[in-house]
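Trainee: Could you have a look at this structure, given as structure tokens, before my questions?
Computed from the coordinates by the stated procedures, all read-outs in this text should not be read as laboratory data. Given the structure is predicted, the values throughout are model-derived calculations rather than measurements. Backbone-built Cβ (ideal geometry, glycine too); neighbour counts: all protein chains shown.
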Amino acid sequence: MNRIGIIAVIIEEHRESVGEVNRILSEYSGCIHARMGVPNKEKDIYVISLVVEVTTEQLGAITGRLGKLKGVTVKSMMTNKTY
């Protein structure tokens, strides 16, 4: 069962991780309803927020892969209602 939620991705000081983050998100593009990226090049921080509709397994796969990347922090919040 799918749930709607939000995934926050923060990339700090590791621009080389940006390309891999984008590749992973492209793989899951069918689950992503909205995406907003806010780069702060002066502070070398990139923030990406995603609105997703995923299963628990998909959420774990996305956040797990992203969280293993150097300089990447990932947090998620999901609704309790399933669709």
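Trainee: Sorting check: for 13-19, 52-58, which peptide has the highest mean count of neighbouring beta carbons within 10 Å, and how do the rest follow?
Mentor: Packing proxy ranking, top to bottom: 52-58, 13-19.
Trainee: Given the C-alpha atoms of the range 41-83, compute the convex hull and give its volume per residue in Å³.
Mentor: In the range 41-83, the Cα convex hull volume per residue is 74 Å³.
Trainee: OK, next. If contacts are Cα pairs under 8 angstrom and at least 6 residues apart, what is the relative contact order of the range 3-78 in percent?
Mentor: Once divided by the residue count of the range 3-78, the mean separation gives 50 percent.
Trainee: Turning to a different aspect of this structure: Give me the one-decimal nm value for the distance between modelled label points at Glu53 and Lys81, 7 Å along each residue's Cα-to-Cβ direction.
Mentor: 1.2
Trainee: Multiplying the sequence separation of Lys70 and Ile45 by 0.36 nm and subtracting their Cα-Cα distance, what value in nm do you get?
Mentor: Between Lys70 and Ile45, full extension yields 7.7 nm more.
Trainee: State the percent of C-alpha pairs, over all pairs in the chain, separated by a distance greater than 17 angstrom.
Mentor: 41
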